[in-house]
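A.B. asks: Structure incoming, see below.
Each value in this text was obtained by applying a stated rule to the coordinates, not by laboratory testing. Source: prediction; values computed, not measured. Ideal geometry is used to build each Cβ from the backbone, glycine not excepted, and the neighbour counts take in all protein chains shown.
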Amino acid sequence: MARRARIHVEPTNAGREHKKRKMKVLLAVDGSKYSEAAVRTVLEQSRPPGSEIQVLHVVEPPSLLVGREMSGYDRALDAVWEAETKHAEDLVTKVAGELRAKGLKVTTSVHQGDPQSKIIDVAAKWHADLIVLGSHGRKGFEHFLLGSVSDGVARHARCSVEIVRIRSNP
């Protein structure tokens, strides 16, 4: 006859305290309709009190194929770069305003570089619990050529990733 061991477990508040723990959510935006869907998702979801949201936009640098040291560099690229950076700052400020209007604690950041790498790096350094971003839904050859930031982030991030997709009509 087998003997059963009795285990006594003291009730604790650990489960309840974990549910109340604030979250750090990194919301990556690019101004597209897919990004807007990710913002709406964050606005619609409830978070524990005191949770923080960081709105991030990554500005991709002008083509690295034409460096400043090389002949053929066009100074007009500097103006394009400045305009892109200004647009990014305006975008994160606008999104932050929408989130703050709902009572959320929000910070913003604009980084330069490869979007996939920067999103992962910022999330790791900030100790994000969740990354939220939209998916452009590229498939086939377009996906092969352009890659997918959301897929790359999902594969390499050290935290949870929520990819928001827009339903396409059949």
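A.B. asks: How far apart, in nm, are two points set 7 Å out from the Cα along the Cα-to-Cβ line at Asp121 and at Arg40?
C.D. replies: That separation, rounded to one decimal, is 3.3 nm.
A.B. asks: What does the highest-first list of 97-108, 148-159 look like by mean Cβ count within 10 Å?
C.D. replies: Ranked from most to least packed, the peptides come out as 148-159, 97-108.
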